[in-house]
1. Could you tell me the calculated FRET efficiency between residue 194 and residue 247, based on Cβ-Cβ distance and R0 = 45 angstrom, to the nearest 0.05?
2. Taking springs between alpha-carbon atoms closer than 10 angstrom, which of 110, 20, 40 fluctuates most in the Gaussian network model of the chain?
3. Rank 223, 164, 145 by mean-square fluctuation in a GNM of the chain with C-alpha springs under 10 angstrom and give only the top-ranked residue.
4. So, with a 1.4 angstrom probe, what is the percent of accessible area on the chain that is carbon and sulfur?
5. With respect to the cross-link table entries 142/191; 26/96; 76/245; 66/102, which display a Cα-Cα separation exceeding 19 Å?
6. In region 6-61, which GluC sites (Glu not before Pro) fall in coil by DSSP and have 10 or fewer other Cβ atoms within 10 Å?
7. Quantify how much of the Cα-Cα distance distribution of the chain extends past 28 Å, in percent.
8. Could you tell me which GluC sites (Glu not before Pro) in region 180-219 are loop residues by DSSP with no more than 13 other beta carbons within 10 angstrom of their beta carbon?
Amino acid sequence: MHNVVIIGSGCAGLTAAIYAARANLKPLVIDGHEQGGQLALTTHVENYPGFPEGIMGPELIENMRKQAQRFGAEFKAGAVNEVDLTHRPFKVTAGKDSYEAKALIVAAGATARMLGLQGERELIGRGVSTCATCDGYFFRQKAIAVVGGGDSAMEEANFLTRYASKVYLVHRRNEFRASKIMIDRARANEKIEFTTPFTVEEIFSPKGHVEGARLRNPQTQEAREITVDGIFVAIGHDPNSTVFKGKLDMDANGYLIPKHGTLTSIPGVFVAGDVQDHRYRQAVTAAGSGCMAALDAEKFLEGHTD
């Protein structure tokens, strides 16, 4: 039996763990699909407050983890595959292990969709990125490609022209899912070249970082090569919420829907971080919501001493 079980070990989960541990709640953190979340796959983080020279993503995560452990948080590896939220204490199952929780914080995060190319994940932080606001600064006066056809792809392409010398907007169709205003804004930007209909067939990285890509026209099979230093994949994120389907309120894309901050429709269950945030998706906003969830859980437990 645990006072608080936290699902997820990214910025939201670890911040929740720090606050819950300092409140002497002895939280248990279940790491989840990716220990450390998306930040563990990031290289240099320059926009997290308090680090004027920036900090490596894995180092920031490790510091948070040590901070939580210092105050008494316990960690378990594994991904949650079943939850019973029908009554308290809640039951959480990860692999062969089961845990009971008086309060539950869901900070399971979201996973960026990738193109599925060979070596793609190994190039994250070496030219491949899923976050323009995180990494755009590193591509000053360089050519880059943005892959996607929705509003987020248009927004990222426009944002990246602040830094890049040229942005190829690569999409597999001539039509876009993006709204007309976002498409018009991108078309009006002289730094953006619409590259359609093309898919990315191969990323060139002979020296271990992105140097270009081979594109393929799915209609004519024409091949085209572009020289770029970065490829931003903007084809969406998938919240890690499958296990909560039918148990917690979620939108059509699977993002959990909070009520009044971090509360859910089930008393004692709280949500934080990217699993409920499809808009901001920043380390600092995830950490903030993790803090809120822990404070809400602490207040809930004060009123439910059973």
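The values are calculated or read from the model by the stated rules, or taken from the named source; none is laboratory data. Since the model is a prediction, treat every value here as computed from it, not as a measurement. Cβ: placed from backbone, ideal geometry, glycine included. Neighbour counts: every protein chain shown. Each accessible area value is taken on the protein alone, full model and side chains, heavy atoms only, with ligands, DNA and RNA left out. Shrake-Rupley method; radii C 1.70, N 1.55, O 1.52, S 1.80 Å.
1. 0.60
2. 40
3. Among 223, 164, 145, the largest GNM mean-square fluctuation belongs to 223.
4. On the way: 7140 of 14810 Å².
That fraction is 48 percent.
5. Beyond 19 Å between Cα atoms: 26/96; 76/245; 66/102.
6. Of the GluC sites (Glu not before Pro), the ones in loops of region 6-61 whose Cβ has at most 10 other Cβ atoms within 10 Å are 53.
7. The proportion of pairs with Cα distances above 28 Å equals 43 percent.
8. 190
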